[in-house]
Amino acid sequence: MTGSTAAVRPGGGRAGGRDLRGRAFPALTTGTPHERLESVRSLCAWAEQEAEDAIEWYLRDKRLKRLGSRAIRGLMIVLATTGTVIPLAGTATGADIQSWGYVFLAAAAGCKGFDYFFGLSTAWMRDMTAAQALRGELNEFRLAWSAELLRDLTGVPEQTLVDRRMRLIGDLAGKLRTHLESETADWTAEFRAGLQQFQDQAAALPAPREAGAER
């Protein structure tokens, strides 16, 4: 076996700005029965750490996206409120400042579009869901592995132990990859939908009038 279970999610990264990448595959020894069982334990630790890395990546990404979402939504509320208050203040004082209200309202709409296009509000919730799902898979694997270790192994052939434990490790690796690929596919689909909507809105804008055209 070579490679890793972890997929790379576009636009994301772990500490230091790196993408979510798999760990190096452990070196295996297949000499004595004891060495083979040690290799299986090394694979178990590798698979668990792959899952822990993915969980930590999503939790860290969630914190950043949630902070960005709250900041942009707070700014949107401030701008929208200011844009609403300015015309009222202008009317009350007789000042000609109503046009500034439209500026602030347009800026608030821009913040909303920014949040939608980059998916800040939906991304952190998706990260939390992915982290919880991965944690559930990891806990299920650890319980199954513990049950395997607590079995009465009297008279059980060494190859049977290796095969049985490798199936548990393979199941965890497969479930981890499935979750990562599914979440990445959802992220890609949302990004493409936002990009398409942005392009459609840009195409619907009126074309600029040529210089010198008659009014």
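The values are calculated or read from the model by the stated rules, or taken from the named source; none is laboratory data. On a predicted model such as this, the values are computed, not experimentally measured, just so you know. Note that we place each Cβ from the backbone using ideal geometry, even for glycine, and neighbour counts take in every protein chain shown. These accessible areas exclude ligands, DNA and RNA; they are computed on the full protein's heavy atoms, side chains included. Shrake-Rupley method; radii C 1.70, N 1.55, O 1.52, S 1.80 Å.
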Taking region 41-74, which residues are open to solvent by 20 Å² or more (accessible area, probe 1.4 Å) and aliphatic (A, V, I, L, M)? Ala45, Leu59, Leu64, Leu67, Ala71, Ile72
Going residue by residue through region 176-191, is there one that turns out to be modelled with pLDDT of 90 or more and of a type in the set (D, E, K, R)? yes
Provide a single number: the residues in region 144-173 that are touching a residue at least 24 places away in the same chain (Cβ under 8 Å) and either open to solvent by 30 Å² or more (accessible area, probe 1.4 Å) or over 14 Å from Glu48 (Cβ atoms) (or both). 7
Per-region count, region 75-86, residues free of Cβ contacts under 8 Å to residues at least 24 places away in the same chain and surrounded by 16 or more Cβ atoms within 10 Å (Cβ to Cβ): 2
Can you name the number of the only condition in (1) modelled with pLDDT of 90 or more; (2) exposed (fewer than 12 other Cβ atoms within 10 Å of the Cβ) that Phe104 fails? (2)
Exactly one of (1) more than 30 Å from Gln196 (Cα to Cα); (2) part of a helix (DSSP H, G or I) is unmet by Ala95. Its number? (2)
Which count do you get for residues in region 114-143 that are open to solvent by less than 70 Å² (accessible area, probe 1.4 Å), in contact (Cβ under 8 Å) with a residue 60 or more places away in the chain and of a type outside the set (S, T, N, Q)? 13
